[in-house]
Amino acid sequence: MSPFVESIKIKDGAVYRLKFHQDRVNKAFEIHYPDEEPINLLEQINQYGIPQKGIFKCRVLYDSYVELVEFTPYVRRKIRTLKLVETTIESLAYKPENRSEYDAAFAQRGECDDVLLVKNGFLTDTSYCNIALFDGKNWYTPRIPLLYGTNRAHLISEGKLIEKDIKPAELVNFQNICLFNAMIEFGEINLEISAIHE
């Protein structure tokens, strides 16, 4: 079995959305290691010198125990265009380290910067981000994403996103698409719907 990973945002020494990352680790243990005590992310991170200046990705690689904790400076990729691509990637409540299926989907992006994945006729995610769509009044996020992201869970808990099944043909009903993940805050990548290509 491939190990799991949590990618946690560290900005000027602050650890972002730790509760939601821990919830996801707990879910992985509940499913795969029900007789084991889940790892404590904060305890693990605190064993290392947390960078105090700048934005870093803290990558925690684990199975039934922590295999690796590393901090790397974070540079956000530029995303301007998305290509609709069909996928059969399994929706998961936790994050596997193996990204081979995502990489294969990403390879189908053509001249676009990333892919917007479609599963069973409904929009899900991009290769690295959850998505939300704006209809002029509300922000909607796919009800069944491929990855139940920590930032997504946080935004839903705050009432900023509404879960909804969205078909590609319904994109005409929206004005903007926002891409976000554990490292990218909501609003940092906000594209017009015309940036999505078939």
Between a first residue in the stretch 8-21 that is over 20 Å from residue 68 (Cβ atoms) and a second residue that is part of a loop (DSSP other than H, G, I, E, B) and among the basic types (Lys, Arg), which pairs have beta carbons less than 9 Å apart while being 6 or more apart in sequence or on different chains? 12/53; 13/53
Taking residue 8, is it part of a helix (DSSP H, G or I), of a type in the set (Val, Ile, Thr) and within 21 Å of the chain's Cα centre (by Cα)? no
Is there a residue in the stretch 157-165 that is at pLDDT below 95, over 20 Å from residue 6 (Cα atoms) and of a type in the set (D, E, K, R)? no
Can you spot a residue in the stretch 103-120 that is part of a helix (DSSP H, G or I), of a type in the set (Gly, Ala, Ser) and under 13 Å from residue 85 (Cβ atoms)? yes
Which residues, counting only those in the stretch 1-42, are within 17 Å of residue 155 (Cα to Cα) and either touching a Cys at 6+ places or on another chain (Cβ under 7 Å) or surrounded by fewer than 16 Cβ atoms within 10 Å (Cβ to Cβ) (or both)? 8, 19
Keeping to the stretch 1-27, report how many residues are modelled with pLDDT of 95 or more and farther than 20 Å from residue 48 by Cα. 5
Residue check: is residue 196 under 16 Å from residue 137 (Cα atoms), aliphatic (A, V, I, L, M), in contact (Cβ under 8 Å) with a residue 60 or more places away in the chain and crowded, with 18+ Cβ neighbours inside 10 Å? no
Given (1) more than 24 Å from residue 27 (Cα to Cα); (2) under 12 Å from the mean Cα position of the chain (by Cα); (3) among the β-branched types (Val, Ile, Thr), residue 196 misses just (2)
Filter the stretch 51-70 for residues that are more than 18 Å from residue 25 (Cβ to Cβ) and among the hydrophobic types (A, V, I, L, M, F, W, C); which is surrounded by the fewest Cβ atoms within 10 Å (Cβ to Cβ)? 55
Can you find even one residue in the stretch 134-153 that is free of Cβ contacts under 8 Å to residues at least 24 places away in the same chain, closer than 22 Å to residue 21 by Cα and crowded, with 16+ Cβ neighbours inside 10 Å? yes
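The values are calculated or read from the model by the stated rules, or taken from the named source; none is laboratory data. Everything quoted here is computed from the prediction, not taken from an experiment. Positions of Cβ are backbone-derived with ideal geometry, glycine not excepted, and every protein chain shown enters the neighbour counts.
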